[in-house]
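Q: Right, I'll just put the structure down here and ask away after.
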Amino acid sequence: MKNLNETLTDLVRKILHYRDAGKPCIICGKGEMGKYDVVCHNIKQSKSTQFKWHLHNVALGHSKCNSIEEADPLLSLSHNLNMIERFGADEIISIYEQRNNTVKFAKSDKESLIKELRVTLLCHEAIFKNLK
Ligand SMILES: [Zn+2]
């Protein structure tokens, strides 16, 4: 049985594999995302835990881009610009401004988020299958 954090991480990964399928890498802006691509966080997990499972802080990207981004300011800039294009400047700025307000999720918050993400996953799954 998975713990709550693992369940949340797994749900986000599954949602993104439907939501971002066929879109370009969120970091370099190239290619077409598929099953081998990884979940990339704009605000990194190490800086804040509150945006770890926020669907507007994550998108699929190349595994290589994700691993070298932090050492490459241009890739990091490209990631930000692609996030703004996909989710809107207001949303990305709002997340950025809150990045240091560390919010610790209680067990009940995680359980609510799991319910919410399960519904989101069902919706993305249905849309994905209907488009095929
Ligand atoms: Zn890439």
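Q: I need the full set of residues from region 80-132 which are among the polar types (S, T, N, Q) and free of Cβ contacts under 8 Å to residues at least 40 places away in the same chain, in order please. Spell out the reasoning first.
A: Narrowing region 80-132 to residues among the polar types (S, T, N, Q): 80, 82, 94, 98, 100-102, 108, 112, 120, 130.
Asn80, Ser94, Ser108, Ser112, Asn130 - these are the residues of region 80-132 that are among the polar types (S, T, N, Q) and free of Cβ contacts under 8 Å to residues at least 40 places away in the same chain.
Q: How many residues does region 1-30 hold that are in a loop (DSSP other than H, G, I, E, B) and farther than 27 Å from Leu131 by Cα? Before you say what the answer is, go through the steps one by one.
A: The initial filter retains those residues of region 1-30 that are in a loop (DSSP other than H, G, I, E, B), namely 1-3, 20-30.
Subset that is farther than 27 Å from Leu131 by Cα: 1-3.
Count: 3.
Q: Let me ask you something else. I'd like the full set of residues that are more than 23 Å from Asn3 (Cα to Cα), surrounded by fewer than 11 Cβ atoms within 10 Å (Cβ to Cβ) and among the hydrophobic types (A, V, I, L, M, F, W, C), limited to region 110-132.
A: Leu131
Q: Just wondering, is there one or more residues in region 3-10 that are exposed (fewer than 15 other Cβ atoms within 10 Å of the Cβ), among the aliphatic types (A, V, I, L, M) and over 27 Å from Glu125 (Cβ atoms)?
A: Taking every residue of region 3-10 in turn, none turns out to be exposed (fewer than 15 other Cβ atoms within 10 Å of the Cβ), among the aliphatic types (A, V, I, L, M) and over 27 Å from Glu125 (Cβ atoms).
Q: Just give me the residues in region 52-69 being over 19 Å from Pro24 (Cα atoms) and out of contact with any helix residue (DSSP H, G or I) (no Cβ under 6 Å at 6 or more places or on another chain), in sequence order. Full working, then the answer.
A: Looking only at region 52-69, we keep the residues that are over 19 Å from Pro24 (Cα atoms), and these are 52-54.
Result: Lys52, His54.
Q: Across region 43-87, what is the total count of residues that are closer than 22 Å to Val119 by Cα and basic (Lys, Arg)?
A: The total comes to 2.
Q: For region 58-75, what are the residues that are of a type in the set (Asp, Glu) and either without any contact (Cβ under 8 Å) to a residue 12 or more places away in the chain or within 8 Å of the ligand (Cβ to nearest atom) (or both)? Steps first, please.
A: If we filter region 58-75 for residues that are of a type in the set (Asp, Glu), which is where we start, we get 69-70, 72.
Passing the criteria: only Asp72.
Q: Also, quick follow-up: Which one is modelled with the lowest pLDDT among residues in region 18-36 that are closer than 21 Å to Ala126 by Cα and within 16 Å of the ligand (Cβ to nearest atom)? Talk me through it step by step, then tell me what you get.
A: Of the residues in region 18-36, the ones closer than 21 Å to Ala126 by Cα are 18-23, 32-35.
From what's left, within 16 Å of the ligand (Cβ to nearest atom): 20-23, 32-35.
Values: Asp20: 97, Ala21: 94, Gly22: 95, Lys23: 97, Glu32: 97, Met33: 97, Gly34: 92, Lys35: 88.
Here the answer is Lys35.
The values are calculated or read from the model by the stated rules, or taken from the named source; none is laboratory data. All figures in this text were calculated on a predicted structure; none of them were measured in a lab. Because the Cβ atoms are built from the backbone with ideal geometry, glycine has one as well, and the counts that use them run over all protein chains shown.
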